[in-house]
Amino acid sequence: SFPLAGTRAWGGYELVRLCERLSGEDAKVSTMSLGLLRGVRNFANFFQWGWQFADRLAFAEVSAGSEPLDADMDGVYSTFGIDKSEITTVEEYMGEYFNRILKKLKELDFESGRESKRKLPF
């Protein structure tokens, strides 16, 4: 087996702060106790319609745990012939994502502004 991890374990708050920095907006964050999270997951898992939701909550439980989610990837890189410099970091990926999303939102805002002017009767 091979780890699929990064060189750094990101915490939830760190990812939120990164997104805030890249978007230029403040996020509204709510927290939930791990016990309540487990209870909601168990309840959702009881119903077939809640299985996908319960799976997502299980991931949240793993990421909220105390075990670090990083690993040494040098063995994986050498085994599969991957150049470490070709690996995209979380910062790079999120930066590209936000650039694309914000550009698209600006285009849509521009287009919606033009369309609303056309619909005016005067």
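Every number in this text was worked out from the coordinates using simple rules, so none of it is lab data. Since this is a predicted model, take the numbers as computed values, not measurements. Reconstructed Cβ throughout: ideal geometry from the backbone, glycine too, with neighbour counts over all protein chains shown.
Tabulated results
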{"read-out": "Hz values of 3J(HN,Hα) by residue in the range 37-43 - Karplus curve (6.51, -1.76, 1.60), Gly and Pro given as x", "value": "4, 5, x, 5, 5, 4, 5"}
{"read-out": "FRET E, pair V90, L36, Förster distance 41 Å, beta-carbon r, rounded to 0.05", "value": "0.90"}
{"read-out": "Pairwise FRET efficiency - T79 versus W49, Cβ, R0 = 35 Å, nearest 0.05", "value": "0.30"}
{"read-out": "T7 long-range amide H proximity, modeled H, under 5 Å", "value": "none"}
{"read-out": "Estimated vicinal HN-Hα couplings, Hz - the range 86-101 in sequence order (Karplus 6.51, -1.76, 1.60; Gly, Pro = x)", "value": "8, 7, 7, 7, 4, 4, 5, 4, 5, x, 5, 4, 5, 4, 5, 5"}
{"read-out": "Net charge over other residues, Cβ less than 12 angstrom from the Cβ of S78 (K, R count +1; D, E count -1)", "value": "-2"}
{"read-out": "For the range 51-58, 3J(HN,Hα) per residue [Karplus equation, 6.51 cos²θ - 1.76 cosθ + 1.60, θ = phi - 60°, Hz, x = Gly/Pro]", "value": "4, 5, 4, 5, 4, 5, 5, 5"}
